[in-house]
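Asker: Before I ask anything, here is the structure I am working with.
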Amino acid sequence: MTIRNANGWAGRLRFGSLRLRLVAVFAAVALTAALSVSGIAYWLNRDAVLTRAQNSSLDDFRASMSRNAGTLPATPPCDELRQAAARMAQGTQEYAVLLVSGSCQAVPDPAAFSLTLVPKTLRDAVGRARPLTDGNKDTYHLYWQRTTVGGRPYLVGGARLAGGGPTGYMFKSLAAERSDLSSLAWSLGIATLLALIGAALLAQAAASTVLRPVRRLGDAARRLGEGHLDTRLRVTGTDELAELSGTFNSAAEALQRRVEELSAREAASRRFVADMSHELRTPLTAITAVTEVLEDEADSLDPMMAPAVRLVVTETRRLGDLVENLMEVTRFDAGTARLRADEVDVSDMVTACMDARAWLDSVDLDAPRGILVRLDPRRLDVVMANLIGNALKHGGAPVRVTVRTAPVSDRVREAAGADGTGRELVIRVADNGPGIPEDVLPHVFDRFYKADASRARSEGSGLGLSIATENARIHHGFITAANRPGGGAEFTLRLPIPPDPDAAPDEADPDDPAGPAGPAGSAGSAGGTVPGGGATDGGRA
């Protein structure tokens, strides 16, 4: 079986998924790189644009100052000063000009530029004379400053002519440069966004290339865990992921072979146990008949022989019970066990079970009549014989049995599927003994398990409770064991109540040793024999 996967985007980009982390990492790297490159490019272009604009304007202002104001006298008339300022303002750099000489201020457009727009620090620097040195050949220098007026950027520059000439200031708008820089910033932002989208698409493509085989591998492993041992992956390419798919196929093939071998061995073991049990039944029947005769004559035998005869009788019965138990277990393992359902009054059923084993005086029964349930009477008899017999043998008196109905529990509903009415049968068997050790509780229903390993020779075979569990499971129910808070153990049987009391009974199992027994029928294969013909398990210490 080849696995293919076609999950949607919601599953692919679920929170915390590897795909989302890859996309996030790629996007973060791309965003960091794009922001870094865009930031560096912006600041380099900004510096270049502003430096070029200011140098061009200041060089033109210096040349125009020398050309137009340098020929003026030290204290020129205001008219000549205004004419020189007008000539300077007509240059190609489009800046406003202000010439100051004494109390005269010449400006072609007073509304666009005035001395108040010149920062005081710039005015002080322009008017400060510097001593002449080898490194300084001029008394006055040209100074500039970028400023903002009314939210708009401007370049302000100023210089004073040597020899007592006028002082000139220029005022140039940098709005065009700011517009160019804004356009550049938008372009870089769009480029960054495109780079981020491209990185996300590349990450998605890379993640799909890597994660698609990983997802197929996960689906294949899940199906393999569900028991589909023929699951295989389609191997394409020669990369590491293809090698991983090939390794998975090899492991799955080896696992399938191993499971088939184990299944064959298990089936052979079940057949061996079943065949052995069937083969033992014939000689056991003859031996049992002989032992019954010997038991009747035990009192008239030699006193030295009587104990041996009684031992043979006891062990023969134990062997017979063990054979019956093994046959019952093999039927459950092979899936051939069937129910012979009939509608019974549970109270009468439990009473008959105890009466057949002479337990009525030893058990406190709380079972209201009228609880009619369709079930297999023989199998319920087996279950109750085990639970009550164990409570009497290993627990403490008084043993209390309660029968009730209750709303169906989730576990029973899940096991019963659609075969439920919303009610379930609950039977509790409680004793007042020392309880079950905590380390034993998880194993009380295991086959051949005994709490005291040193008691190899006990009356029970260790199969009774496991068979009781299987009988409950075939009814779509279960049995639980727990210790009561006040002391003692409590076993609880829960069975769903079928909705159709008129349903036809299931086909009988031809291998069942007992027919449709009534409430007082033999418990048969439940465990060791007790007075009264019943059977219990001796496996709980």
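Asker: Name every residue in the range 45-83 that is touching a residue at least 40 places away in the same chain (Cβ under 8 Å) and either of a type in the set (A, V, I, L, M, F, W, C) or touching a His at 6+ places or on another chain (Cβ under 6 Å) (or both), in order of residue number.
Answerer: Once the filter is applied, which keeps residues that are touching a residue at least 40 places away in the same chain (Cβ under 8 Å) and either of a type in the set (A, V, I, L, M, F, W, C) or touching a His at 6+ places or on another chain (Cβ under 6 Å) (or both), the range 45-83 yields Val49, Leu50, Ala53, Leu58, Phe61, Met65, Ala69, Leu72, Ala74, Leu81.
Asker: Here is a follow-up. When you go through (1) assigned to a helix (DSSP H, G or I); (2) of a type in the set (D, E, K, R); (3) out of contact with any helix residue (DSSP H, G or I) (no Cβ under 6 Å at 6 or more places or on another chain) one by one for Arg234, which number turns out not to apply?
Answerer: (1)
Asker: From Ile467, Ile436, grab the single residue that is at pLDDT below 90, more than 19 Å from Arg379 (Cβ to Cβ) and buried (at least 22 other Cβ atoms within 10 Å of the Cβ).
Answerer: Exactly one of Ile467, Ile436 is at pLDDT below 90, more than 19 Å from Arg379 (Cβ to Cβ) and buried (at least 22 other Cβ atoms within 10 Å of the Cβ), namely Ile436.
Asker: Which residues, counting only those in the range 368-402, are outside any helix (DSSP H, G or I), within 18 Å of Gly477 (Cβ to Cβ) and aliphatic (A, V, I, L, M)?
Answerer: Hits for the range 368-402 are Ile371, Leu372, Val373, Leu375, Val401.
Asker: Please work out which residue is modelled with the highest pLDDT, limiting yourself to the range 1-47 and to residues that are closer than 30 Å to Glu226 by Cβ, part of a helix (DSSP H, G or I) and open to solvent by less than 40 Å² (accessible area, probe 1.4 Å).
Answerer: So the residue we want is Arg19.
Asker: Only one residue in Asp376, Asp381 is within 18 Å of Arg494 (Cβ to Cβ), in contact with a His (Cβ under 9 Å, 6 or more places away or on another chain), at pLDDT 90 or above and not small (Gly, Ala, Ser), so which one is that?
Answerer: Being within 18 Å of Arg494 (Cβ to Cβ), in contact with a His (Cβ under 9 Å, 6 or more places away or on another chain), at pLDDT 90 or above and not small (Gly, Ala, Ser) holds for just one of Asp376, Asp381, which is Asp376.
Asker: Can you pull out every residue in the range 385-405 that is among the hydrophobic types (A, V, I, L, M, F, W, C), closer than 18 Å to Ser347 by Cβ and without any contact (Cβ under 8 Å) to a residue 60 or more places away in the chain?
Answerer: Correct list: Val399, Val401, Val403.
Asker: If you don't mind, another one. Would you check which residues across the range 99-114 are among the aliphatic types (A, V, I, L, M) and either in contact with a helix residue (DSSP H, G or I) (Cβ under 8 Å, 6 or more places away or on another chain) or open to solvent by 80 Å² or more (accessible area, probe 1.4 Å) (or both) and list them?
Answerer: Listed by number, the residues that qualify are Leu99, Val100, Ala106, Val107, Ala111.
Asker: Looking at this structure, is Ala112 over 60 Å from the mean Cα position of the chain (by Cα), closer than 14 Å to Pro166 by Cα and part of a loop (DSSP other than H, G, I, E, B)?
Answerer: When the stated conditions are applied, Ala112 does not pass them.
Asker: I would also like to ask the following. Report, by residue number, each residue of the range 115-133 that is under 15 Å from Leu155 (Cβ atoms) and either surrounded by fewer than 10 Cβ atoms within 10 Å (Cβ to Cβ) or basic (Lys, Arg) (or both).
Answerer: Within the range 115-133, none qualify.
Asker: Quick test for you: out of Ala221, Ala191, Ala267, Ala205, pick the one residue that is surrounded by fewer than 16 Cβ atoms within 10 Å (Cβ to Cβ), in a helix (DSSP H, G or I), among the small types (Gly, Ala, Ser) and under 36 Å from the mean Cα position of the chain (by Cα).
Answerer: Selected residue: Ala205, the only one of Ala221, Ala191, Ala267, Ala205 that is surrounded by fewer than 16 Cβ atoms within 10 Å (Cβ to Cβ), in a helix (DSSP H, G or I), among the small types (Gly, Ala, Ser) and under 36 Å from the mean Cα position of the chain (by Cα).
Asker: Here are the criteria: (1) in contact with a Leu (Cβ under 7 Å, 6 or more places away or on another chain); (2) modelled with pLDDT of 90 or more. Tell me which single one Ser362 does not satisfy.
Answerer: (2)
Asker: If a residue has to be surrounded by 14 or more Cβ atoms within 10 Å (Cβ to Cβ) and either modelled with pLDDT under 75 or under 15 Å from Leu326 (Cα atoms) (or both) to count, how many in the range 282-298 make the cut?
Answerer: 4
Asker: Mind checking which residues of the range 331-356 are of a type outside the set (A, V, I, L, M, F, W, C), open to solvent by less than 20 Å² (accessible area, probe 1.4 Å) and modelled with pLDDT under 75?
Answerer: Arg331
The values are calculated or read from the model by the stated rules, or taken from the named source; none is laboratory data. Computed from a predicted structure; not experimentally measured. All Cβ positions, even for glycine, are placed from backbone atoms using ideal geometry, and neighbour counts span all protein chains on display. Note: areas computed on protein heavy atoms with side chains; ligands, DNA, RNA excluded. Shrake-Rupley method; radii C 1.70, N 1.55, O 1.52, S 1.80 Å.
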